[in-house]
């Protein structure tokens, strides 16, 4: 059985993987243009996890006998808002509602304490006059393949935290990713090139909330889209959240 190890570089909470990265590990092994991956427990770092291929092209990630994540081919239909220009997105980042109270400040996807040369570090803020959040993004070369395209794994990783930025009410407590659906390959995401990432609220229901996200290239073309389901924790300390 194939095994994978998630390096500490790709943490979300301090001692577990960023949800989008872990989901991307599963999605990378699903032969379908769109997939949904659900997280069943915090994905551990720096130890072998088994990959199991199931019926109907489904894939599971296991820590011993414990199910960590499972995914399968899916579909995704979203009403994607119009793009935001690069400089406007960069300015919006300064209005990030988590400033000074981020529960996971070293998160690979959105941690303000991370270096953008070592992480994705998307910090979205509200766009004036729009019901969307945005940040500008120049993907680091370490995220790309030999042709300079950001890999599918890192597109999944990049489209995780933005959905949470839009979905989670910052005053309601800490939430973690429950599932992620991604259409990662509408157009290439290129390293070193200007992109804009936007996100928007889809809906909230009790402890659950949903957000959408999209990556746009410099020409305003949609490169990839996602929908994330987030679940508010009753006890954030179980995942090492800063509260």
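Which of the residues spanning region 187-213 are under 19 Å from residue 23 (Cα atoms) and part of a loop (DSSP other than H, G, I, E, B)? Hit for region 187-213 is 189, nothing else. One residue stands out in region 228-239 among those that are within 14 Å of residue 41 (Cβ to Cβ) and not in a helix (DSSP H, G or I): the one that is modelled with the lowest pLDDT, namely 233. Exactly one residue among 104, 108 is in contact with a helix residue (DSSP H, G or I) (Cβ under 7 Å, 6 or more places away or on another chain), closer than 23 Å to residue 155 by Cβ and either in a loop (DSSP other than H, G, I, E, B) or modelled with pLDDT under 95 (or both), and that residue is 108. The condition (being touching a residue at least 40 places away in the same chain (Cβ under 8 Å) and over 28 Å from residue 43 (Cβ atoms)) is satisfied by just one residue among 95, 89, 69, 119: 89.
Residues considered: 52, 47, 90. Of these, the only one that is in the same structural domain as residue 184 (by TED's automatic domain parsing), more than 17 Å from the chain's Cα centre (by Cα) and at pLDDT 95 or above is 90.
Condition check for residue 42 on (1) more than 17 Å from the chain's Cα centre (by Cα); (2) modelled with pLDDT of 95 or more: one failure, at (1). Of the residues making up region 37-60, those that are touching a residue at least 60 places away in the same chain (Cβ under 8 Å), surrounded by fewer than 22 Cβ atoms within 10 Å (Cβ to Cβ) and part of a strand (DSSP E or B) number 1.
Once region 150-171 is narrowed to residues that are at pLDDT below 95 and out of contact with any strand residue (DSSP E or B) (no Cβ under 6 Å at 6 or more places or on another chain), the residue that is surrounded by the most Cβ atoms within 10 Å (Cβ to Cβ) is 170.
The values are calculated or read from the model by the stated rules, or taken from the named source; none is laboratory data. Everything quoted here is computed from the prediction, not taken from an experiment. Don't worry about glycine lacking a Cβ; one is built from the backbone with ideal geometry, like all the others, and counts go over all protein chains shown.
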